[in-house]
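See below for the structure under consideration.
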Amino acid sequence: MSDAELIVAEARRWIGTPYQHQASCKGAGTDCLGLVRGVWREVKGCEPEVPPPYTPDWAERPGGGVSAETMADGARRHMSEIAVAEARAGDVVLFRMRAGGPAKHAAILSGAGHMIHAYSGRAVVESEVTRWWASRMAFAFRF
């Protein structure tokens, strides 16, 4: 099995995990970053960095004390950045939830125009990368 297939298979094992802000525990609770962290632990081993505490609005508060692209900067430290157009199954993509805002949502592409992600009010799901999602894709990274 290829690395990408292992990543997607592990991400699918998280489907149904309830959303819980700042968590990263398969079956118990996770947010979008926690999902990526959990999949990393299963396929790569120990996390190279544990993120500091963050609030749901961390990237939107004036003077919030974070750089403009905190998630992308963190991903760059541990993954290989690739062009969004080159992203494929097993890659991590980051989204800007509003125009001009920082990237603050993460997902793992699962192939054929689909992704696995966690977001507030939902469990981890595999869903279609619709035009809405595709238009907000800002960064892509390979494990």
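Summary of the geometry: segment 10-56 and segment 70-121, compared by the centres of their Cα atoms, lie 14 Å apart.
A viscosity of 0.692 mPa s and a temperature of 37 °C, combined with the Kirkwood radius over Cα pairs in Stokes-Einstein, give a translational diffusion coefficient for the chain of 218 µm²/s. Between His114 and Val129, the built amide H atoms are under 5 Å apart, and every one of these is 5 or more places off in sequence or on another chain.
Only DSSP H runs of four or more residues enter the estimate; each adds -39500 (n - 2.57), and after division by the residues of the chain the mean residue ellipticity at 222 nm equals -8000 deg cm²/dmol.
Computed from the coordinates by the stated procedures, all read-outs in this text should not be read as laboratory data. Remember, predicted model here, so these are calculated numbers, not experimental data.
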